[in-house]
Structures are given as structure tokens and as C-alpha cells.
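Report on one structure; see the data block that follows.
The values are calculated or read from the model by the stated rules, or taken from the named source; none is laboratory data. Note that the structure is predicted; figures quoted are calculated from it, not measured. All Cβ positions, even for glycine, are placed from backbone atoms using ideal geometry, and neighbour counts span all protein chains on display.
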């Protein structure tokens, strides 16, 4: 019996990576969650490789270069917020249409989501490229960081269109149940980034030596090629969706529905991610070493949490498709199953981070002050991993149902009305320094998980229409 169970498990793993046509509104819930979650977890793990690879190579250039990356990523948090918010609505609406057995409507929704992404990215990119140095200065960067990192920031902000489209189109694939395609997109993008990063940073072979700017060029190039692969896959119909010439027109009614759902989704993510700007601003009071240590520590935390977002996205797809099929109870059971799987994963990772944070930090830098701050960040934030596991799945379950307002209100309360004031009190007022900021992160995410669970059990999300 155990041998047969093991064979079924590995067979499910192989099938999930290979991809194929599956009906996630029928059959065993555990298998359905795994079929969706495995490629989504791998997709998010690969997305996190962008962050870790960049900071690994950039850390060889010194604390100012790492601080540049950290400050720029904090500004890009707003771009990520828009991308994730639009991706939420695209995934929810595509999943609902697939659950209703209407792939034509799902394809039209995909086109409108891409058009919205382009319309948002272009003005953001122009403004970011023109005012990159001023933005760094506003974030509290030292004159040396502004002088050496302005071009890096200009390339990253100016090329934000590839970030937006990468998120939105992969959300379309996930909503349709084509998680394996989204995974392959990140495989390609990361392979390019892995090769080009050291080449452009250090000037290997025929490549110019661009320093920290080289990391921006490599990452943007990798993501851009990933977007081209996405568009090719949509046009060729490699999954459940095929975008044809007849779909290439603007449909105001569909765009308005997307904006209605994504508006609160964008606000939700802006509220959550913009709070990181407040935290970085508090940390900037303690110098470049604190910022660099925070950047390294948070990059490793993100590396662990992004695969968990994959599990959470699987729950969102299950919710959307099963609500579309008129099976709300199956949608709810899928969320609890995904939350349990996520808890097992993050619990193991958290144990590693708490046990050996210094060893992990020294993989990125030998600066003793930076290592000390990175160690504190890893240890404090990891204490809340078990709470994060449930909070992430439950939040995405609301979004998968199209109920983006509930997480928005939760983010506003937990991150702006609780996290930032607590971080300031612990770090500045009470003299705790950077540790106060790290402790506030753990407390805020734990609070979010508890309140999300209480609201999810009330079940109002089952009646949302998108």
C-alpha cells in the first residue's frame, strides 16, 4: 500500500511538471492541489532566484552597491504591487471563465489584461528612468549610493514593462490551469539572468564591465526574453488558451471588470508592499551596513516565501475554477489542504534559517557588520514562518474568489496602522535599532494570518461575482 502511494505521488509530480489538460473541479483535492502547486512552487522559486543571484554578485562590489539594489527594490515594490494586483484580477477572471467552460471569454480576458499592463508600465518607466537619482535621494541614499547607483535604478525602473507583463501573463496561465507553462517561462528568464549577471557586472569576455548596472541589464534582458516566450505560447495555444487575431481588440466591458477587481487588488498590494518603503526609511537611519544586512536577509526570506506563493496561487486557482463550476465547498477544502502543505514546507525552511542564519549570511558577504544585521533579520523574521504559511494561502484564496477588498483592509490595518508604528517604536523610540524593525515584520504578518483565518471561515468570499 505504501509503495503504491509513493508511486502515485511521484506520478503526480511528473505529470505536474510535464503539464497537460486537467479538470481541477473534479477528482481528489490533494492530487489537484499538487498538480497545480508543484509547477507554481518551482515557478516562484525560480522568480526568487532573480533576487538571490543579483545580490550574490552585487555583494562583491561592497555595501553601497548592495544598498543601491535594496533601495531600488523598495521602489520597485510599487511596480510589483501594480503587477500583482493586475495579475490577481486576471487570474481570478480567467479561472472563473475556465470553470464555466468558456475558453473564448478567458482568451479575451487575457488580451485585456496585457493591454492594461502595457498602458500602466509605459508612463511608470519614463518617469522612473528620468528621475532615478532624485528617487534614490528621497529614499535616504548617501551621495555615494546616488552617484554609483543612479543608472542601475534607471534601467530597472525604465524596464518595468517586462516585470508587469511577466507577472500578468503568468497569472493568465495559472488561472487557466497551465501552471507548467508559467514555470517554463521562469526557467528561460532565469537561465539568461544566471549567465549574463557576472558577465555584465565584471566585464567577462566580450561584455562591458558595468558594475552594479550590469545586474540591471542582465535581469531586464532575462525577463524580456521570458515575456517573448509567453506571447509565443499564447499565440500557439500551448495550453488551454490560444489568443488569436480575432481576440486582439479592446473590449471596454471586460477591461472595466478587470479594473474593478484589480483596482482593489492593486491597492491591496500597494498598501502591503509600500509599507516596506516605510521600513526601509526607518532602517536608513542606521547606515548602509544595516540596509545591506536587511537587503541580504530579506532576499533569503523572499527566496523561501516565493515558493510558498506558488502554493498559495494553486489555492487561488482551485478557488476560482471551483466557484465557476458551482462547487464552493470543494473550493474551501482545497484552501485548507494547500495551507497544511504550505505549513510543512515553511516550517522546515524556518527551522533552517533560525538554526544557521550567520552561515547563510556569510555566503553573501564577509563584512562583519553586514553579517550581524543579516543574521538578526533572518532569525527574527523566521520566527513567524508557521503563521506566514497560513496567512499567504488564505489571502490568495480571497483573491482567487475575486474578493480583493478583504485582504486590502487587512493589509491597511496590519502593515500601516500596526507594523510601521511598531517598527518605529521598537527601533527608534525604544532604542532597539534594526532588530526592532525585524521584530515588527514578524508581529505584523502573524497578526495578518490570524485575522485572515477568522474572516475566511465566515465564508462571504463564496458569493463574490467576477
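Structure values in brief
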item	result
Flag for residue 257 being in a helix (DSSP H, G or I), surrounded by fewer than 19 Cβ atoms within 10 Å (Cβ to Cβ) and in contact with a helix residue (DSSP H, G or I) (Cβ under 9 Å, 6 or more places away or on another chain)	yes
Matching residues, the stretch 285-304, being over 19 Å from residue 445 (Cβ atoms), out of contact with any helix residue (DSSP H, G or I) (no Cβ under 6 Å at 6 or more places or on another chain) and assigned to a helix (DSSP H, G or I)	285
Residue 239 in a helix (DSSP H, G or I) and surrounded by 20 or more Cβ atoms within 10 Å (Cβ to Cβ)	no
Scope the stretch 199-232; condition over 18 Å from residue 151 (Cβ atoms) and over 22 Å from the mean Cα position of the chain (by Cα); matching residues	204, 205, 206, 232
Any hit, the stretch 172-190, residues being in contact (Cβ under 8 Å) with a residue 60 or more places away in the chain, surrounded by 20 or more Cβ atoms within 10 Å (Cβ to Cβ), on the phi > 0 side of the Ramachandran plot and touching a helix residue (DSSP H, G or I) at 6+ places or on another chain (Cβ under 7 Å)	yes
Sole residue being closer than 23 Å to residue 134 by Cβ, modelled with pLDDT of 85 or more, part of a helix (DSSP H, G or I) and under 14 Å from the mean Cα position of the chain (by Cα), chosen from 76, 86	76
Subset of the stretch 359-370 that is within 15 Å of residue 286 (Cβ to Cβ) and buried (at least 17 other Cβ atoms within 10 Å of the Cβ) - its residue that is nearest to the chain's Cα centre (by Cα)	370
Yes/no for residue 437 being modelled with pLDDT of 90 or more, crowded, with 24+ Cβ neighbours inside 10 Å and under 19 Å from the mean Cα position of the chain (by Cα)	no
Selection count where residues are in a helix (DSSP H, G or I), closer than 24 Å to residue 233 by Cβ and more than 24 Å from the chain's Cα centre (by Cα), scope the stretch 98-138	5
Any hit, the stretch 116-126, residues being surrounded by fewer than 24 Cβ atoms within 10 Å (Cβ to Cβ), over 30 Å from residue 173 (Cα atoms) and modelled with pLDDT of 85 or more	no
The stretch 80-107 residues that are without any contact (Cβ under 8 Å) to a residue 24 or more places away in the chain and at positive phi, paired with ones that are surrounded by fewer than 22 Cβ atoms within 10 Å (Cβ to Cβ) and in a helix (DSSP H, G or I) (beta carbon under 7 Å, 6 or more apart)	none
Counted residues, the stretch 183-226 - those being under 22 Å from residue 62 (Cβ atoms) and assigned to a loop (DSSP other than H, G, I, E, B)	7
Pairs, first free of Cβ contacts under 8 Å to residues at least 60 places away in the same chain in the stretch 24-38, second in a loop (DSSP other than H, G, I, E, B) and surrounded by fewer than 18 Cβ atoms within 10 Å (Cβ to Cβ), C-beta under 7 Å, six or more apart	none
Helices (runs of 4 or more DSSP H) enclosed by the stretch 384-437 - at least 3 residues per element that are over 20 Å from residue 269 (Cα atoms) and in contact (Cβ under 8 Å) with a residue 24 or more places away in the chain	none
Residue match in the stretch 280-287 (condition: surrounded by fewer than 23 Cβ atoms within 10 Å (Cβ to Cβ), farther than 26 Å from residue 91 by Cβ and without any contact (Cβ under 8 Å) to a residue 24 or more places away in the chain)	yes
Test result for residue 147, at pLDDT below 95 and either under 30 Å from residue 261 (Cα atoms) or in a helix (DSSP H, G or I) (or both)	yes
